[in-house]
Amino acid sequence: MVTTLLPEADTVAPRNILFVGGTGVISAAAAERAVALGHRLTILNRGKSTGRPVPEGAEVLQADVRDASAVQEVLGAREFDAVADFIAFTPDHARASLELFRGRVGQYVFISSASAYQKPPARLPVVESTPLKNPFWQYSRDKIACEELLFGAYRSEDFPLTVVRPSHTYDRTKIAMVGGWTDIHRMRAGLPVIVHGDGTSLWTLTHSRDFAKAFVGLLGRPQAVGESYTITSDEYLPWNQIYGLFARAAGVPEPELVHVASETIAAHSDELGPNLLGDRSHSVVFDNSKIKSLVPDYRATIPFADGAREIVDWHDNHPGLQVVDQLFMELSDRLVAWARRPL
């Protein structure tokens, strides 16, 4: 029999939690916080990631989540107060998770994406009632389809669903600029760096440790079942400032930024286009009132100025991560030349 969720309270007593995934940007931070708060945490994954270690005290079960029989074998008859699924990306994934966890969880948390919200947004700030519609990016449409399937199960059979929609969440390993470390390299080399659009659209960057505060705080709360929550920072910055903060962290006081329309970048790069047109090219400002009403002590406290320094310091101390992408170097040079062409 599944454990009954706790009554409403500002704090949640230790629970029996399963993370499907657990070593990604947001899941690793959430795992650390869950263990630190005394929750009994089990992590189910393939055991192949080495970039973010599993926190001491967490149990690890190794299986490929796409192999239903292998997962069933390692889980056996176990039941959990809450399951957080970080690696369901398509309706087939969601359907498999529904079959696996039906009847054995008190709360199933599906990690969706704030990119699923209407693009371009009709109004700001974005709230949980903002329509889900993204005609630009298949990733976002798949997340919407997952939500529709799982909410259908909630309505028809009381499947204990909670949906979380993070936006751009980072840790020290993730450079938010389009070119990643290559853009840092170009700044330090005195080369121009492309910025999509005119650099004035607003963007929200959330540190994974801040995200984890709210995320772990909603686990085990019965009032969260049947609901969706956006979890982001309250800070929003124009892209020009984001690039400027990275430059300052890299010791470059005046980077040369060249603005190129997102549509133009997309026309030159099939890889970058969907994310730019489906997410980054649109101003996004979020209202976090709903998650704050559920987790009253939640506040994002890490400004991106600090985050940028943490990211650059991390990469400076790990030379093996300082990979310069020659294809992106060539793309940047082509786009800079295009932007500076005589009209």
Worksheet, complete the sentence: Every listed condition ((1) in a loop (DSSP other than H, G, I, E, B); (2) in the same structural domain as Pro319 (by TED's automatic domain parsing)) holds for Ser129 save (2)
Worksheet, complete the sentence: Looking across region 68-94 at residues that are outside any helix (DSSP H, G or I) and among the acidic types (Asp, Glu), the single one that is nearest to Val225 (Cα to Cα) is Asp81
Worksheet entry | Cβ pairs under 8 Å, 6+ apart, first in region 290-315 and more than 28 Å from Leu218 (Cα to Cα) and in contact (Cβ under 8 Å) with a residue 24 or more places away in the chain, second exposed (fewer than 15 other Cβ atoms within 10 Å of the Cβ) and polar (S, T, N, Q) | His315/Gln322
Item to complete: Please tell me if Ala261 is among the aliphatic types (A, V, I, L, M) and either without any contact (Cβ under 8 Å) to a residue 60 or more places away in the chain or closer than 20 Å to Ile311 by Cβ (or both).
Response: no
Discussion item. Out of everything in region 15-50 that is among the β-branched types (Val, Ile, Thr) and touching a residue at least 40 places away in the same chain (Cβ under 8 Å), what residue ends up being nearest to Pro222 (Cα to Cα)?
Written reply: Ile17
Worksheet item: Of the residues Glu254, Glu235, which single one is crowded, with 16+ Cβ neighbours inside 10 Å, assigned to a loop (DSSP other than H, G, I, E, B) and among the charged types (D, E, K, R)?
Response: Glu235
Practice prompt. Report yes if Lys143 is closer than 22 Å to Phe19 by Cα, touching a Ser or Thr at 6+ places or on another chain (Cβ under 9 Å) and at pLDDT 95 or above, otherwise no.
Written response: yes
Worksheet entry | The lone exception for Ser97 - which of (1) among the hydroxyl-bearing types (Ser, Thr, Tyr); (2) surrounded by 16 or more Cβ atoms within 10 Å (Cβ to Cβ); (3) outside any helix (DSSP H, G or I) it fails | (3)
Worksheet entry | Candidates Leu245, Leu218, filtered to the one that is crowded, with 20+ Cβ neighbours inside 10 Å, closer than 24 Å to Thr169 by Cβ and assigned by TED's automatic domain parsing to the domain that holds Thr162 | Leu218
Worksheet item: Considering only region 296-322, how many residues are in a loop (DSSP other than H, G, I, E, B) and more than 19 Å from the chain's Cα centre (by Cα)?
Response: 5
Worksheet entry | Odd one out for Ala122, checked against (1) assigned to a loop (DSSP other than H, G, I, E, B); (2) farther than 13 Å from Val285 by Cα; (3) of a type in the set (Gly, Ala, Ser) | (2)
Discussion item. Tell me yes or no: at least one residue of region 169-188 is closer than 30 Å to Ala337 by Cβ, modelled with pLDDT of 95 or more, buried (at least 18 other Cβ atoms within 10 Å of the Cβ) and of a type in the set (D, E, K, R).
Written reply: yes
Fill in: Test: Gly103 is under 17 Å from the mean Cα position of the chain (by Cα) and at positive phi
no
Practice prompt. Pick out the one residue from Ser156, Ser208 that is modelled with pLDDT of 95 or more and either basic (Lys, Arg) or under 30 Å from Pro296 (Cα atoms) (or both).
Written response: Ser208
Response to the item:
Given the conditions (1) among the polar types (S, T, N, Q); (2) in contact with a Lys or Arg (Cβ under 7 Å, 6 or more places away or on another chain); (3) in contact (Cβ under 8 Å) with a residue 60 or more places away in the chain, every one holds for Gln62 apart from (3)
Worksheet item: If Gly220 passes every condition in (1) under 30 Å from Leu98 (Cβ atoms); (2) under 18 Å from the mean Cα position of the chain (by Cα) but one, which one does it miss?
Response: (2)
Worksheet, complete the sentence: Within region 283-295, residues modelled with pLDDT of 95 or more and either assigned to a helix (DSSP H, G or I) or touching a helix residue (DSSP H, G or I) at 6+ places or on another chain (Cβ under 9 Å) (or both) come out as Phe286, Asn288, Ser289, Lys290, Ile291, Lys292, Ser293, Leu294, Val295
Discussion item. If I go through region 330-343 residue by residue, how many of them are touching a helix residue (DSSP H, G or I) at 6+ places or on another chain (Cβ under 9 Å) and either among the basic types (Lys, Arg) or surrounded by fewer than 17 Cβ atoms within 10 Å (Cβ to Cβ) (or both)?
Written reply: 3
Discussion item. Quick check on this structure: which one of Leu327, Leu335, Leu343 is within 22 Å of Ile194 (Cα to Cα), assigned to a helix (DSSP H, G or I) and free of Cβ contacts under 8 Å to residues at least 60 places away in the same chain?
Written reply: Leu327
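The values are calculated or read from the model by the stated rules, or taken from the named source; none is laboratory data. Treat the numbers as computed from the prediction; the structure is a model and nothing was measured. Cβ: placed from backbone, ideal geometry, glycine included. Neighbour counts: every protein chain shown.
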